[in-house]
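Notes follow once the structure below has been shown.
The values are calculated or read from the model by the stated rules, or taken from the named source; none is laboratory data. This structure is a prediction, so every number in the text was calculated from the model and none was measured. Quick reminder, even Gly has a Cβ in these numbers, built from the backbone with ideal geometry, and neighbours come from all protein chains shown.
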Amino acid sequence: MSTILNVTDLTKKFGRLTAVNALSFSINKGNVYGILGPNGSGKSTTLGMILNVVNPTSGTFSWFDGTQNTHQALKRVGAIIERPNFYPYMTAAQNLRLVCRIKEVPQSKIEEKLELVDLLDRKNDKFKTYSLGMKQRLAIASALLNDPEILILDEPTNGLDPQGIAQVRGIIKKIAAQGTTILLASHLLDEVEKVCSHVLVLQKGTRIYFGEVTALTTDLGYFEINATDVTALQNILDKHKDIEKIEIHESYILAYPNKTISATDLSKSLSEQGIIITHFAQKHKTLEEQFLSLTKNQQL
Ligand code: ADP
Ligand code: MG
(Lines give C-alpha, C1' and ligand atoms only; values in the text may rest on other atoms or scores of the structure.)
(Ligands and ions follow the chains in the order given, each with its own letter.)
Protein backbone atom coordinates (compact mmCIF):
# COMPACT_ATOMS: atom_id res chain seq x y z
CA MET A 1 0.00 0.00 0.00
CA SER A 2 1.48 3.37 -0.92
CA THR A 3 1.95 6.03 1.70
CA ILE A 4 0.49 9.46 1.16
CA LEU A 5 1.69 11.14 4.36
CA ASN A 6 4.05 10.30 7.20
CA VAL A 7 3.95 12.37 10.37
CA THR A 8 6.59 11.91 13.08
CA ASP A 9 6.59 13.55 16.51
CA LEU A 10 4.92 16.66 15.18
CA THR A 11 4.59 19.30 17.91
CA LYS A 12 3.17 22.81 17.98
CA LYS A 13 3.45 25.13 20.95
CA PHE A 14 1.71 28.48 21.23
CA GLY A 15 3.63 30.07 24.08
CA ARG A 16 3.11 27.79 27.05
CA LEU A 17 0.28 25.89 25.43
CA THR A 18 1.12 22.66 23.61
CA ALA A 19 -1.58 22.51 20.93
CA VAL A 20 -0.16 19.38 19.25
CA ASN A 21 2.04 17.05 21.23
CA ALA A 22 4.57 14.69 19.57
CA LEU A 23 1.99 13.40 17.11
CA SER A 24 2.83 10.48 14.83
CA PHE A 25 0.61 8.80 12.24
CA SER A 26 0.64 7.81 8.61
CA ILE A 27 -1.88 7.94 5.83
CA ASN A 28 -2.16 5.27 3.16
CA LYS A 29 -3.72 5.58 -0.23
CA GLY A 30 -7.41 4.85 -0.61
CA ASN A 31 -8.56 5.16 2.99
CA VAL A 32 -10.76 7.74 4.67
CA TYR A 33 -9.13 9.13 7.80
CA GLY A 34 -10.80 11.11 10.52
CA ILE A 35 -9.07 13.26 13.12
CA LEU A 36 -11.50 13.15 16.00
CA GLY A 37 -11.37 15.23 19.15
CA PRO A 38 -13.26 17.90 21.07
CA ASN A 39 -12.86 21.58 20.23
CA GLY A 40 -9.37 22.79 21.02
CA SER A 41 -7.79 19.32 20.81
CA GLY A 42 -5.40 20.36 18.02
CA LYS A 43 -7.15 19.11 14.86
CA SER A 44 -6.93 22.34 12.84
CA THR A 45 -3.38 23.01 14.03
CA THR A 46 -2.37 19.54 12.82
CA LEU A 47 -3.95 20.15 9.40
CA GLY A 48 -2.33 23.61 9.29
CA MET A 49 1.12 22.12 9.85
CA ILE A 50 0.87 19.43 7.18
CA LEU A 51 -0.45 22.07 4.76
CA ASN A 52 2.43 24.45 5.46
CA VAL A 53 0.32 27.25 6.93
CA VAL A 54 1.38 26.66 10.55
CA ASN A 55 5.06 26.27 11.43
CA PRO A 56 5.75 23.19 13.55
CA THR A 57 7.70 23.74 16.77
CA SER A 58 9.36 20.36 16.25
CA GLY A 59 8.87 17.07 14.48
CA THR A 60 8.62 16.22 10.81
CA PHE A 61 6.18 15.20 8.13
CA SER A 62 6.71 14.04 4.60
CA TRP A 63 4.31 13.85 1.69
CA PHE A 64 4.13 10.95 -0.75
CA ASP A 65 7.47 9.21 -1.18
CA GLY A 66 9.36 12.13 0.32
CA THR A 67 11.25 12.96 -2.86
CA GLN A 68 9.42 16.22 -3.56
CA ASN A 69 9.58 19.35 -1.44
CA THR A 70 6.40 20.25 0.43
CA HIS A 71 5.52 23.03 -2.02
CA GLN A 72 5.60 20.63 -4.98
CA ALA A 73 3.85 17.86 -3.06
CA LEU A 74 0.98 20.15 -2.02
CA LYS A 75 0.03 20.55 -5.69
CA ARG A 76 -1.22 16.96 -5.41
CA VAL A 77 -3.34 17.82 -2.35
CA GLY A 78 -6.80 19.40 -2.26
CA ALA A 79 -7.75 21.14 0.97
CA ILE A 80 -10.56 23.16 2.50
CA ILE A 81 -9.52 24.43 5.89
CA GLU A 82 -11.44 27.68 5.97
CA ARG A 83 -14.97 28.79 5.26
CA PRO A 84 -15.56 28.64 1.50
CA ASN A 85 -14.75 32.01 -0.01
CA PHE A 86 -15.73 32.88 -3.55
CA TYR A 87 -16.74 36.04 -5.38
CA PRO A 88 -20.37 36.60 -4.33
CA TYR A 89 -21.55 38.29 -7.55
CA MET A 90 -19.99 35.71 -9.83
CA THR A 91 -21.70 32.43 -10.69
CA ALA A 92 -20.38 29.08 -9.49
CA ALA A 93 -19.02 28.34 -12.98
CA GLN A 94 -17.30 31.74 -13.22
CA ASN A 95 -15.72 31.25 -9.79
CA LEU A 96 -14.41 27.83 -10.77
CA ARG A 97 -13.04 29.18 -14.07
CA LEU A 98 -10.97 31.60 -12.03
CA VAL A 99 -9.71 28.75 -9.82
CA CYS A 100 -8.78 26.76 -12.94
CA ARG A 101 -6.68 29.66 -14.18
CA ILE A 102 -4.92 30.01 -10.81
CA LYS A 103 -4.29 26.27 -10.48
CA GLU A 104 -3.41 25.97 -14.18
CA VAL A 105 -5.87 23.15 -14.84
CA PRO A 106 -8.12 22.82 -17.90
CA GLN A 107 -11.61 24.38 -17.70
CA SER A 108 -13.02 21.07 -18.91
CA LYS A 109 -12.81 19.80 -15.30
CA ILE A 110 -15.49 22.25 -14.12
CA GLU A 111 -18.58 20.39 -15.32
CA GLU A 112 -17.28 17.03 -14.07
CA LYS A 113 -16.66 18.37 -10.57
CA LEU A 114 -19.93 20.31 -10.39
CA GLU A 115 -21.73 17.13 -11.36
CA LEU A 116 -19.91 15.22 -8.60
CA VAL A 117 -21.16 17.66 -5.94
CA ASP A 118 -24.68 17.88 -7.42
CA LEU A 119 -24.41 21.51 -8.45
CA LEU A 120 -24.37 21.20 -12.23
CA ASP A 121 -27.93 22.51 -12.57
CA ARG A 122 -27.05 25.50 -10.38
CA LYS A 123 -23.78 26.38 -12.11
CA ASN A 124 -25.08 29.67 -13.52
CA ASP A 125 -26.45 30.93 -10.20
CA LYS A 126 -24.51 33.58 -8.33
CA PHE A 127 -22.47 32.36 -5.36
CA LYS A 128 -24.30 34.76 -3.02
CA THR A 129 -27.59 32.93 -3.69
CA TYR A 130 -26.14 29.62 -2.50
CA SER A 131 -27.08 28.00 0.81
CA LEU A 132 -24.26 27.19 3.22
CA GLY A 133 -24.41 23.54 2.17
CA MET A 134 -24.13 24.48 -1.52
CA LYS A 135 -21.20 26.77 -0.73
CA GLN A 136 -19.44 23.92 1.02
CA ARG A 137 -20.13 21.60 -1.92
CA LEU A 138 -18.77 24.22 -4.32
CA ALA A 139 -15.63 24.45 -2.19
CA ILE A 140 -15.25 20.67 -2.49
CA ALA A 141 -15.65 20.88 -6.29
CA SER A 142 -13.05 23.64 -6.36
CA ALA A 143 -10.59 21.64 -4.27
CA LEU A 144 -11.02 18.69 -6.63
CA LEU A 145 -10.38 20.60 -9.88
CA ASN A 146 -6.76 19.45 -10.11
CA ASP A 147 -7.69 15.81 -9.34
CA PRO A 148 -5.74 15.71 -6.06
CA GLU A 149 -4.62 12.38 -4.62
CA ILE A 150 -5.89 13.39 -1.20
CA LEU A 151 -8.70 15.70 -0.12
CA ILE A 152 -8.38 17.39 3.28
CA LEU A 153 -11.44 18.85 5.00
CA ASP A 154 -11.71 20.65 8.33
CA GLU A 155 -15.11 20.16 9.98
CA PRO A 156 -16.86 19.76 6.61
CA THR A 157 -20.40 19.75 8.01
CA ASN A 158 -20.11 22.50 10.62
CA GLY A 159 -23.10 24.82 10.58
CA LEU A 160 -25.08 22.82 8.02
CA ASP A 161 -28.68 21.69 8.46
CA PRO A 162 -29.39 17.92 8.58
CA GLN A 163 -30.08 17.74 4.85
CA GLY A 164 -26.89 19.65 4.05
CA ILE A 165 -24.94 17.38 6.39
CA ALA A 166 -26.27 14.26 4.68
CA GLN A 167 -25.45 15.67 1.22
CA VAL A 168 -21.87 16.59 2.14
CA ARG A 169 -21.28 13.19 3.80
CA GLY A 170 -22.71 11.44 0.74
CA ILE A 171 -20.36 13.38 -1.54
CA ILE A 172 -17.34 12.58 0.65
CA LYS A 173 -18.21 8.88 0.40
CA LYS A 174 -18.62 9.18 -3.38
CA ILE A 175 -15.19 10.84 -3.72
CA ALA A 176 -13.63 8.14 -1.54
CA ALA A 177 -15.29 5.42 -3.62
CA GLN A 178 -13.56 6.89 -6.70
CA GLY A 179 -10.22 6.21 -5.02
CA THR A 180 -9.33 9.62 -3.61
CA THR A 181 -7.79 9.41 -0.14
CA ILE A 182 -9.55 11.63 2.40
CA LEU A 183 -8.46 13.22 5.67
CA LEU A 184 -11.11 15.08 7.60
CA ALA A 185 -11.15 16.72 11.01
CA SER A 186 -14.33 16.50 13.03
CA HIS A 187 -15.51 16.81 16.62
CA LEU A 188 -18.51 14.62 15.75
CA LEU A 189 -18.27 10.95 16.64
CA ASP A 190 -21.13 9.90 14.42
CA GLU A 191 -19.56 11.69 11.45
CA VAL A 192 -16.32 9.75 11.84
CA GLU A 193 -18.23 6.53 12.43
CA LYS A 194 -20.33 7.05 9.30
CA VAL A 195 -17.69 8.36 6.91
CA CYS A 196 -14.23 7.17 7.96
CA SER A 197 -12.38 3.86 7.76
CA HIS A 198 -9.57 5.01 10.08
CA VAL A 199 -9.45 7.41 12.98
CA LEU A 200 -6.87 9.40 14.91
CA VAL A 201 -8.33 10.37 18.27
CA LEU A 202 -6.79 13.48 19.81
CA GLN A 203 -7.07 14.75 23.34
CA LYS A 204 -5.32 18.00 24.23
CA GLY A 205 -3.01 17.57 21.26
CA THR A 206 -2.01 14.03 22.18
CA ARG A 207 -2.87 10.93 20.19
CA ILE A 208 -4.94 8.53 22.26
CA TYR A 209 -5.97 6.16 19.46
CA PHE A 210 -4.98 5.59 15.86
CA GLY A 211 -6.35 2.75 13.82
CA GLU A 212 -9.38 1.33 12.12
CA VAL A 213 -12.78 2.66 13.14
CA THR A 214 -14.13 -0.90 13.26
CA ALA A 215 -11.46 -1.93 15.76
CA LEU A 216 -12.73 0.81 18.00
CA THR A 217 -16.39 -0.07 17.53
CA THR A 218 -16.16 -3.86 17.59
CA ASP A 219 -14.99 -4.28 21.13
CA LEU A 220 -15.42 -7.55 23.00
CA GLY A 221 -18.56 -6.25 24.65
CA TYR A 222 -19.64 -7.25 28.13
CA PHE A 223 -22.32 -9.31 29.86
CA GLU A 224 -25.00 -8.24 32.31
CA ILE A 225 -25.77 -11.22 34.53
CA ASN A 226 -27.88 -11.94 37.60
CA ALA A 227 -28.62 -15.19 39.41
CA THR A 228 -30.59 -16.51 42.37
CA ASP A 229 -27.31 -16.86 44.29
CA VAL A 230 -25.33 -13.69 43.55
CA THR A 231 -22.39 -14.63 45.78
CA ALA A 232 -21.93 -17.95 43.99
CA LEU A 233 -22.21 -16.16 40.63
CA GLN A 234 -19.58 -13.64 41.70
CA ASN A 235 -17.20 -16.39 42.85
CA ILE A 236 -17.50 -18.33 39.63
CA LEU A 237 -17.08 -15.25 37.42
CA ASP A 238 -14.05 -14.16 39.48
CA LYS A 239 -12.34 -17.48 38.69
CA HIS A 240 -13.67 -17.85 35.13
CA LYS A 241 -10.82 -18.20 32.60
CA ASP A 242 -12.63 -16.15 29.93
CA ILE A 243 -13.54 -13.23 32.22
CA GLU A 244 -11.12 -10.35 32.59
CA LYS A 245 -12.89 -8.42 35.34
CA ILE A 246 -16.29 -8.00 36.96
CA GLU A 247 -18.23 -5.06 38.36
CA ILE A 248 -20.90 -5.52 41.01
CA HIS A 249 -24.02 -3.47 40.43
CA GLU A 250 -27.22 -3.38 42.46
CA SER A 251 -29.32 -5.62 40.26
CA TYR A 252 -26.69 -7.42 38.18
CA ILE A 253 -22.99 -8.15 37.74
CA LEU A 254 -21.11 -6.85 34.71
CA ALA A 255 -18.60 -9.33 33.34
CA TYR A 256 -15.96 -8.21 30.84
CA PRO A 257 -14.50 -11.05 28.74
CA ASN A 258 -10.80 -11.27 27.83
CA LYS A 259 -11.58 -12.84 24.44
CA THR A 260 -14.51 -13.30 22.14
CA ILE A 261 -16.99 -15.55 23.94
CA SER A 262 -20.58 -16.19 22.89
CA ALA A 263 -23.50 -15.61 25.21
CA THR A 264 -24.48 -19.27 24.79
CA ASP A 265 -21.08 -20.57 25.85
CA LEU A 266 -20.84 -18.32 28.89
CA SER A 267 -24.39 -18.99 30.13
CA LYS A 268 -23.92 -22.73 29.55
CA SER A 269 -20.70 -22.80 31.55
CA LEU A 270 -22.39 -20.94 34.41
CA SER A 271 -25.35 -23.34 34.42
CA GLU A 272 -22.99 -26.31 34.42
CA GLN A 273 -21.49 -24.93 37.61
CA GLY A 274 -24.89 -24.84 39.30
CA ILE A 275 -25.80 -21.19 38.73
CA ILE A 276 -29.47 -20.45 38.19
CA ILE A 277 -29.41 -17.42 35.88
CA THR A 278 -32.23 -14.89 36.29
CA HIS A 279 -30.91 -12.24 33.91
CA PHE A 280 -28.42 -12.48 31.05
CA ALA A 281 -27.69 -9.87 28.37
CA GLN A 282 -24.76 -9.29 26.05
CA LYS A 283 -23.94 -5.61 25.50
CA HIS A 284 -21.59 -3.63 23.31
CA LYS A 285 -20.20 -0.19 23.86
CA THR A 286 -21.05 2.42 21.27
CA LEU A 287 -18.22 4.40 19.71
CA GLU A 288 -19.26 7.23 22.00
CA GLU A 289 -18.84 5.11 25.13
CA GLN A 290 -15.52 3.79 23.84
CA PHE A 291 -14.38 7.31 23.11
CA LEU A 292 -15.42 8.44 26.58
CA SER A 293 -13.65 5.53 28.27
CA LEU A 294 -10.53 6.22 26.17
CA THR A 295 -10.49 9.84 27.23
CA LYS A 296 -11.28 8.95 30.83
CA ASN A 297 -8.36 6.52 31.04
CA GLN A 298 -6.10 9.20 29.68
CA GLN A 299 -6.94 11.58 32.50
CA LEU A 300 -6.08 9.07 35.21
P1 ADP B 1 -9.37 22.11 17.12
O2 ADP B 1 -9.24 22.34 15.65
O3 ADP B 1 -9.25 20.68 17.52
O4 ADP B 1 -10.60 22.73 17.69
P5 ADP B 1 -7.09 23.89 17.29
O6 ADP B 1 -6.01 23.18 16.56
O7 ADP B 1 -7.79 24.97 16.57
O8 ADP B 1 -8.12 22.82 17.85
O9 ADP B 1 -6.49 24.50 18.63
C10 ADP B 1 -5.73 23.75 19.53
C11 ADP B 1 -5.30 24.65 20.67
O12 ADP B 1 -4.37 25.63 20.19
C13 ADP B 1 -6.45 25.44 21.29
O14 ADP B 1 -6.22 25.54 22.67
C15 ADP B 1 -6.34 26.80 20.62
O16 ADP B 1 -6.86 27.81 21.44
C17 ADP B 1 -4.84 26.94 20.43
N18 ADP B 1 -4.49 27.76 19.26
C19 ADP B 1 -4.80 27.49 17.97
N20 ADP B 1 -4.29 28.42 17.15
C21 ADP B 1 -3.66 29.34 17.93
C22 ADP B 1 -2.93 30.55 17.69
N23 ADP B 1 -2.76 31.00 16.44
N24 ADP B 1 -2.42 31.19 18.75
C25 ADP B 1 -2.58 30.72 20.01
N26 ADP B 1 -3.24 29.59 20.32
C27 ADP B 1 -3.79 28.89 19.30
MG1 MG C 1 -10.65 23.21 14.35
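Data table
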item: Filter result (closer than 19 Å to G159 by Cβ and over 26 Å from the mean Cα position of the chain (by Cα)) within segment 121-136; result: F127, K128, T129, Y130
item: Any hit, segment 111-133, residues being touching a strand residue (DSSP E or B) at 6+ places or on another chain (Cβ under 7 Å) and among the acidic types (D, E); result: yes
item: Long-range neighbours under 8 Å by Cβ, at least six apart or interchain, first residue hydroxyl-bearing (S, T, Y) within segment 86-102, second surrounded by fewer than 18 Cβ atoms within 10 Å (Cβ to Cβ); result: Y87/Q94; Y87/L98; Y89/K126; Y89/K128; T91/N124; T91/D125; T91/K126
item: F14, sole failed condition from (1) within 16 Å of ligand 1 (Cβ to nearest atom); (2) touching a residue at least 60 places away in the same chain (Cβ under 8 Å); (3) more than 22 Å from the chain's Cα centre (by Cα); result: (2)
item: Matching residues, segment 76-120, being assigned to a helix (DSSP H, G or I), closer than 22 Å to E155 by Cα and basic (K, R); result: R76, K113
item: Residue count, segment 7-42 (criterion: closer than 20 Å to V192 by Cα, touching a Lys or Arg at 6+ places or on another chain (Cβ under 9 Å) and away from ligand 2 (no atom under 16 Å from the Cβ)); result: 3
item: Selection status of N55, under 30 Å from K204 (Cβ atoms) and away from ligand 1 (no atom under 16 Å from the Cβ); result: no
item: Flag if E82 is over 19 Å from I4 (Cβ atoms), within 16 Å of ligand 1 (Cβ to nearest atom) and surrounded by 16 or more Cβ atoms within 10 Å (Cβ to Cβ); result: no
item: Residues within segment 65-82 that are over 21 Å from I140 (Cα atoms) and either in contact with a Leu (Cβ under 8 Å, 6 or more places away or on another chain) or charged (D, E, K, R) (or both), tallied; result: 1
item: The listed residue being away from ligand 1 (no atom under 11 Å from the Cβ) and either under 18 Å from L183 (Cβ atoms) or in a loop (DSSP other than H, G, I, E, B) (or both), out of G48, G66, G40; result: G66
item: Pairs where the first residue, in segment 31-48, is outside the structural domain of V199 (by TED's automatic domain parsing) and the second is within 8 Å of ligand 1 (Cβ to nearest atom), C-beta under 8 Å, 6+ apart; result: none
item: Members of segment 108-130 found to be modelled with pLDDT of 95 or more and exposed (fewer than 13 other Cβ atoms within 10 Å of the Cβ), listed by number; result: D121, N124, K128, T129
item: Every residue from segment 148-193 that is within 16 Å of ligand 2 (Cβ to nearest atom) and of a type in the set (S, T, Y); result: T157, S186
item: Per-region count, segment 114-128, residues among the hydrophobic types (A, V, I, L, M, F, W, C), in contact (Cβ under 8 Å) with a residue 12 or more places away in the chain and under 24 Å from A176 (Cα atoms); result: 4
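Each row is one residue, and each column tells you yes or no for (1) more than 27 Å from N28 (Cβ to Cβ); (2) of a type outside the set (A, V, I, L, M, F, W, C); (3) buried (at least 20 other Cβ atoms within 10 Å of the Cβ).
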residue: I182; (1), (2), (3): no, no, yes
residue: K194; (1), (2), (3): no, yes, no
residue: G205; (1), (2), (3): no, yes, yes
residue: A215; (1), (2), (3): no, no, no
residue: H240; (1), (2), (3): yes, yes, no
residue: Y252; (1), (2), (3): yes, yes, no
